[in-house]
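Undergrad: Take this structure first; my questions come after.
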Amino acid sequence: MWGTPEDMDLPAPRPVLWPLRPVGSAAVWTSSDAGQTVVTIRHAHLPQVTPEMLAWWYGHVPGTMKYAGQTLPRYLVWHPLDHISYEADGAVQPGVELRITEAPGRDLDKLIDIHVRVEQIDSTAAIISKRVLGAALVRLENEFEPVHGGTSYVTRLTIGDTTPAARLFLNRVAHNRAFPPHKLAAWIRHHVEEIGNLENFLPDLFRYRSDHEP
């Protein structure tokens, strides 16, 4: 369900062609209530990136692109150090299941290997969740809106749910297995970096590929 370090090998790091955004570039706050933890990240604006580009990107992460003189999976470019693999059981759209694998900080002790389902992809948001017995153990909401010269981007990660099954035992699973504190802190840094990376390659990728991959 969550994967273990023993099952996974890290791919070789890709060249990092731009500075990674520091955690301090984003506003991050965490709240906990009724067995749920909610992490909200307000990223620094993404210059030259539009909500239309983001909607296209989240529907087209599978695929390849030119990067550092090579043709690489787009997911490996998105975070050149931490990303491992991104698999979809069909064209990425609501209802499709994804398997997302990454190691924040290239540390396999912080491995995230999770199957999630796409809830929404459009020019306002990209939302995925991991559900068990009707409860959302993990739900990741990425919300965006246009601002002058770019896009405002807010992430909301919710760990746990309010259903009876979640309160009884699933919230403990989510907090202890999916995102224990040390892994959550590493993921926050990783996520600030990966969202910040979009400004460095997405405008050109969208310009060159969106007509061919509508």
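Read-outs throughout are calculated quantities, based only on the coordinates presented, and are distinct from any laboratory measurement. Not measured: the values here are computed from a predicted model. Glycine also receives a Cβ, built like all others from the backbone with ideal geometry; neighbour counts cover every protein chain displayed.
Undergrad: Taking the Cα centre of region 25-198 as origin, sum charge times position over the Cβ atoms of Lys and Arg (+1) and Asp and Glu (-1), and report the length of that vector in debye to the nearest 20.
TA: Working: 16 positive and 18 negative charges, 80 e Å.
That gives a dipole near 380 debye.
Undergrad: What is the sum of charges around Pro181, taking Lys and Arg as +1, Asp and Glu as -1, for the other residues whose C-beta is under 14 Å from the C-beta of Pro181? Kindly include the intermediate steps, with their values, before the conclusion.
TA: Numbers: positive: Lys110, Arg172, Arg177, Lys183, Arg189; negative: Asp109.
That sum, taken over residues with Cβ under 14 Å, equals +4.
Undergrad: Continuing with the same structure: Scan region 9-88 for chymotrypsin sites (Phe, Trp or Tyr not before Pro) in coil per DSSP, keeping those whose Cβ has at most 16 other Cβ atoms within 10 Å, and list them by number. All intermediate terms of the calculation are to be shown ahead of the outcome.
TA: Details: sites: Trp29, Trp56, Trp57, Tyr58, Tyr67, Tyr75, Trp78, Tyr86; in loops: none.
Sites meeting the loop and neighbour criteria: none at all.
Undergrad: Counting alpha carbon pairs within less than 8 Å and at least 6 residues apart, what relative contact order, in whole percent, applies to region 48-123? Present the calculation step by step, with values, prior to reporting the outcome.
TA: Numbers: 121 pairs, mean separation 19.7, N = 76.
Computed over region 48-123, the figure is 26 percent.
Undergrad: Work out how much length Glu145 to Leu133 would gain on full extension: take 0.36 nm times their residue separation and subtract the Cα-Cα distance, in nm to one decimal.
TA: Details: separation 12, 0.36 × 12 = 4.32 nm, distance 3.29 nm.
Fully extending the segment from Glu145 to Leu133 adds 1.0 nm.
Undergrad: Here's another thing I want to ask about it. Using 20 Å as the cut-off for backbone N distance, which residues of region 114-134 belong to the label zone defined by a point 7 Å from the Cα of His45 along Cα→Cβ?
TA: 123-125
Undergrad: Let me ask something else about it. Just to be sure I understand the curve: with the Debye formula and one point per C-alpha of the chain, what is log10 I(q)/I(0) at q = 0.09, 0.18 Å⁻¹?
TA: Log-scaled intensity ratios, in q order: -0.34, -1.49.
Undergrad: Here's another thing I want to ask about it. Mind pulling the angle between the C-alpha long axis of helix 181-209 and the longest principal axis of the chain? Nearest 10 degrees, somewhere in 0 to 90.
TA: The angle comes out near 30 degrees.
Undergrad: Can you give the net charge of the other residues whose Cβ lies under 11 Å from the Cβ of Lys66, counting K and R as +1 and D and E as -1? Could the numbers behind the result be given before it?
TA: Details: positive: Arg74, Arg209; negative: Asp204.
Local net charge: +1.
Undergrad: Further question on the same structure: Before rounding to the nearest 500, sum -39500 (n - 2.57) across all DSSP H runs of length at least 4 in the chain and divide by the residue total; then give [θ] at 222 nm in deg cm²/dmol. Please report the intermediate quantities before stating the final value.
TA: Details: 3 runs with 43 residues, N = 214.
Helix-only estimate at 222 nm: -6500 deg cm²/dmol.
Undergrad: OK, next. Taking Cα pairs under 8 Å and at least six residues apart, what relative contact order does the chain come out at, in percent? Walk me through the numbers on the way to the answer.
TA: Details: 425 pairs, mean separation 56.1, N = 214.
Relative contact order of the chain: 26 percent.
Undergrad: Okay, moving on. Taking neighbour counts of Cβ atoms within 10 Å as a proxy for exposure, in what order, fewest first, do Met65, Met8 appear? Display every interim value, and only then the final one.
TA: Working: Met65 18, Met8 15.
Placing the least packed residue first, the sequence is Met8, Met65.
Undergrad: Run the numbers for Val16 and Asp107: contour at 0.36 nm per residue of separation, minus the present Cα-Cα distance, in nm.
TA: Working: separation 91, 0.36 × 91 = 32.76 nm, distance 1.74 nm.
My answer for the length gained is 31.0 nm.
Undergrad: Which value, to two decimals, describes the C-alpha radius of gyration of region 43-168 once divided by 2.2 N^0.38 Å? List each step's numbers first, then the result.
TA: Details: Rg = 15.6 Å, N = 126, 2.2 N^0.38 = 13.8 Å.
Expressed relative to 2.2 N^0.38 Å, the Cα Rg reads 1.13.
Undergrad: Taking Cα centroids, how far is region 127-180 from region 66-116 in Å?
TA: If you average the Cα positions of each part, the centres end up 18 Å apart.
Undergrad: Now a separate question. Distance in nm between label sites at Arg209 and Asp33, each 7 Å beyond Cα in the beta-carbon direction?
TA: Calculated label separation equals 4.0 nm.
Undergrad: I need the per residue convex hull volume for region 90-146, using only the alpha carbons, in cubic angstrom as a whole number. Intermediate values should be presented prior to the final figure.
TA: Working: hull volume 6.1 nm³, N = 57.
Normalising the Cα hull of region 90-146 by residue number yields 108 Å³.
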